[in-house]
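Right, one structure below, let's go through it.
The values are calculated or read from the model by the stated rules, or taken from the named source; none is laboratory data. Predicted, not measured: the structure shown is a model, and the values here were computed from it. Every residue, glycine as well, gets a Cβ built from its backbone with ideal geometry; the counts of neighbours run over all protein chains shown. What goes into the accessible areas is simple: the full protein's heavy atoms, side chains included, and nothing from ligands, DNA or RNA. Shrake-Rupley method; radii C 1.70, N 1.55, O 1.52, S 1.80 Å.
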Amino acid sequence: MRIPFFCRAFVIAALSTFLAAQQPTAAELVKLRQQANAAMQAKDYTAAAAAWKQVTEGDPKDGQAWQLLGYSLHVSGKIDEALPAHQKAAEFPRFKGIAEIGRAHV
């Protein structure tokens, strides 16, 4: 069965719009970082992990967010989820040392 070109184009356009809407803006990332930091100061590591996860999804090149996501998950007892975050953080030279410590304690 062949799908008409205009239908495929519509689906692609709709999917692109949906995916673009899912990416947080720079201002939203700043707000998420503030929420994550506030949650960490309050020792609410579950909320911190949720916010850091959104930051890493919005900016996968943020090594600090990966490191703090791993830490938050680790402290929350979510060791299986913490390990991949620690591994990702270790890919960033600035966070490699601290991420390796986190991975060693998993």
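Data for the structure
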item	result
Phe6 vs. criteria open to solvent by 30 Å² or more (accessible area, probe 1.4 Å) and modelled with pLDDT under 80	yes
Per-region count, the stretch 36-90, residues closer than 20 Å to Gln22 by Cβ and open to solvent by 30 Å² or more (accessible area, probe 1.4 Å)	9
